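The values are calculated or read from the model by the stated rules, or taken from the named source; none is laboratory data. Please read these numbers as outputs of a predicted model, since none were measured by experiment. Note that we place each Cβ from the backbone using ideal geometry, even for glycine, and neighbour counts take in every protein chain shown. These accessible areas exclude ligands, DNA and RNA; they are computed on the full protein's heavy atoms, side chains included. Shrake-Rupley method; radii C 1.70, N 1.55, O 1.52, S 1.80 Å.
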Amino acid sequence: MKAVCICMGVHLPYSPKWYWPVEGFSGVPEMDRYFDRNNIFSKFLKTSRQFLRLNDLILESVERGGKYSFDLSGPFLEQCRWDPELLESFRELGETGSVEFTGSCGYHSLSSLYPDLSWFKEEVLMYRETLQELFGITPETFVNTELLYTEKAGRILTDLGFKCLIAEGSRNLMNGYEPVYVFENHLPTLLRHINLSEDLELRFSEKDWQGYPLIPEKFADWIASMEGDVLTLYFNYANLCLHYRNKSLIADFIRTFPETLKARGIEMFTPAEALKRFEPLKLPTLGTEQTIRYGMHNAVGNHAQQLYLRELVRVGEELSGLKENKDYRKLKQVFGYLQQSEIFFSMNPGNIREGYERAINYFSILSDFRRAVLEEGA
């Protein structure tokens, strides 16, 4: 292996509360009607302290030659306004020149699955404006929600000027290839290596795992033994917090990993740098297949998820007719958070009854919100 790209997703959702519509209600919905912001704020403050410690570790790693990219979700950046110190720590990482911030969907939604991609395009542009406002940058790489890939969305991203895409390296997309190249597409694409990413994300602290303890030298040897141009690792930043709390060796791993790779002749690149170094390889399935982290069946595989998706499309079309309404921005924000990917995934848990109950709750919220949209448009 010649190079490694490491991208870390940082996301804290706006979780909906348990809600039942009140008969006879009228008025424009507020965020607090559907979301428990006190609980969201409490969780954010706890996690933000852990992220600050991790950012310090990443900074040490950068000083030792590390290069990284961050996929900061729109909901997370919105919550960062509660903690300017955390936002500043990400700015400091960006200023090193060794950290790339990627583009994303503004509400961490699955809007790229809608028949009309107007909402998707609007979210992408909204998020781009957020990065320009907070960090003064225009992203070149795009990471769709939960590494979702659709060929149709890739065309739009190309038109919007993006240079690179990171997506899930699922079996149906790989079709016998290994996710260790830049792949040729409308938008040159890096695909996540699922197993090695999850070694760091999920198994690092498991003492009964055969790979434990995962020291930098062992992990670097695994990578060095692979044939290919560039290995792409993507994992949730919050999972590193879990390893840190479990008193694992994650801190030493992060600090010394760049030097360990370098000793084996392996470079660390940001996604934008990888595109400039390696020639793309053609992967025919990029024109025919869809993929998402954990599988499309977990995101939109059951009746409740499909129905919720169709209802979002309908409400979005109705809301689009209110752009001249004085309350449109407020309605748009609430609608945005009702599209979050977690809502879809939570309707398909191992516990079928729990998924059913959550689906009823989400449909109650969406029904109440649609009533307000229709009243505003009347």
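Output the pairs from 46/323; 276/323; 2/163; 46/67; 152/276; 43/218 with a Cα-Cα distance over 30 Å in this structure; if there are none, say none. Where the Cα-Cα span goes over 30 Å, the pairs concerned are 46/323; 276/323; 43/218. Largest to smallest in accessible area, the residues 327, 56 fall in the order 56, 327 (1.4 Å probe, all protein chains included). In this rough spin-label picture, where each label sits 7 Å from Cα along the Cβ direction, the residue 45-residue 155 distance is 4.9 nm. With K and R counted +1 and D and E -1, the other residues having a Cβ less than 12 Å from that of residue 39 yield a net charge of +2.
Beta bridges from DSSP with both residues in the chain: antiparallel share about 15 percent, rounded to the nearest 5. Exposed loop sites here mean trypsin sites (Lys or Arg not before Pro) with a DSSP loop assignment and at most 13 other beta-carbon atoms within 10 Å; the chain contains its longest site-free run at 82-206. Between residue 322 and residue 245, the FRET efficiency estimated from the beta carbon spacing at R0 = 51 angstrom works out to 0.65. Under a straight-distance cross-link criterion of Cα-Cα below 16 Å, which aspartates and glutamates are reachable from residue 282, leaving out those fewer than 8 residues away in the same chain? Output for residue 282: 151, 178, 184, 229. Taking a Cβ cut-off of under 9 Å around residue 292, the surrounding Lys, Arg, Asp and Glu residues balance to a net charge of -1, with basic ones at +1 and acidic ones at -1. A 1.4 Å probe run over the stretch 46-134, with the rest of the protein chains in place, finds 36 Å² accessible per residue.
Computed over the stretch 253-378, the P(r) tail beyond 21 angstrom holds 61 percent of alpha carbon pairs. Only protein atoms count toward the accessible area here, which uses a 1.4 Å probe; on the stretch 211-258, the carbon and sulfur part of that area reaches 53 percent.
With protein chains left intact and a 1.4 Å probe, residues in the stretch 214-351 average 46 Å² of accessible area per residue.
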